[in-house]
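Everything below concerns the one structure shown next.
All of the numbers you see were taken from the coordinates with simple rules; none came from a lab. As the structure is a computational prediction, the values presented were derived from the model and not from experiment. With ideal geometry, Cβ positions are generated from the backbone for all residues, glycine too; neighbour counts draw on all protein chains shown.
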Amino acid sequence: MDGFSSTLLTDYGDKLDERGRDRLLRVRSAAQKMANLIDDLLNLSRVSRTELAWEEVDLSELARNTFAELQQANPQRQVTTDVAANLSASGDRRLLGIVLTNLLNNAWKFTTLKSPAVIEVGRDELEGEPVFFVRDNGAGFDMAYAGKLFGAFQRLHDAGEFPGTGIGLATVQRVIHKHGGRIWAESAVGAGATFYFTLKSGRSS
């Protein structure tokens, strides 16, 4: 649908009036959103079936690579990023990459209206256990709705302001649970958000 709509705009755009072009652009937008949703649902399904390949994973490297990709895709954004050194954990490299990609994409998205935008990746310790975190100074959210954060299709912000499918955090939670860890968030409206997660060092199903 997206491909045919694009072809129509390219080959016959000059024969359409403004209303016709607008309708085709709407069709393309809807098709792209549906494609993104399907991709995210497939990723969520794959996470459940994936057998973990345990290894020592450099989370600092994964975070820096993700930031580089985000900056390349959004060269107009001015975002200060801070990734702590030597963040390592035992787990599945590909799945932990999905965790950081989703969390950093969210932080990048929700700091869009913030100047200066700041995103930090680091590690704390809670009762002797290492706790990794992704912190931003963006839009934040009301903690009264924190219970909805990790549900599929649950959104705490208007899709027109901050687009998305509502699947990303559900996927993140599934990956973390698959690693025997847990994830939670702390935030306040207009004051940014911090997502914390733990990862067990042993094998988990």
remark   = So the pair-distance distribution of region 54-197, from every Cα-Cα distance in 5 Å bins, comes to percents of 2, 10, 20, 25, 22, 15, 6, 1, 0
request  = Grab the other residues whose beta carbon is less than 13 angstrom from that of residue 126, score K and R as +1, D and E as -1, and report the net.
outcome  = -3
query = Which order do peptides 68-75, 178-185 fall in by mean Cβ count within 10 Å, highest first?
reply = 178-185, 68-75
message = Please rank 17, 142, fewest neighbouring Cβ atoms within 10 Å first, as an exposure proxy.
response = 17, 142
Largest to smallest principal axis extent of the C-alpha atoms in region 48-108, angstrom = 39, 26, 15
Rg/Rh (Cα only; Kirkwood hydrodynamic radius) as it applies to region 81-121 = 1.04
ask   = In the neighborhood of residue 194, defined by Cβ-to-Cβ distances under 11 Å, what is the net charge if each Lys or Arg adds +1 and each Asp or Glu adds -1?
value = -3
query = Which length gain, in nm to one decimal place, applies between residue 69 and residue 49 when the Cα-Cα distance is subtracted from 0.36 nm times their residue separation?
reply = 4.5 nm
task = Give me the distance in nm between label points sitting 7 Å out from Cα along the Cα-to-Cβ direction at residue 86 and residue 124, one decimal.
result = 2.1
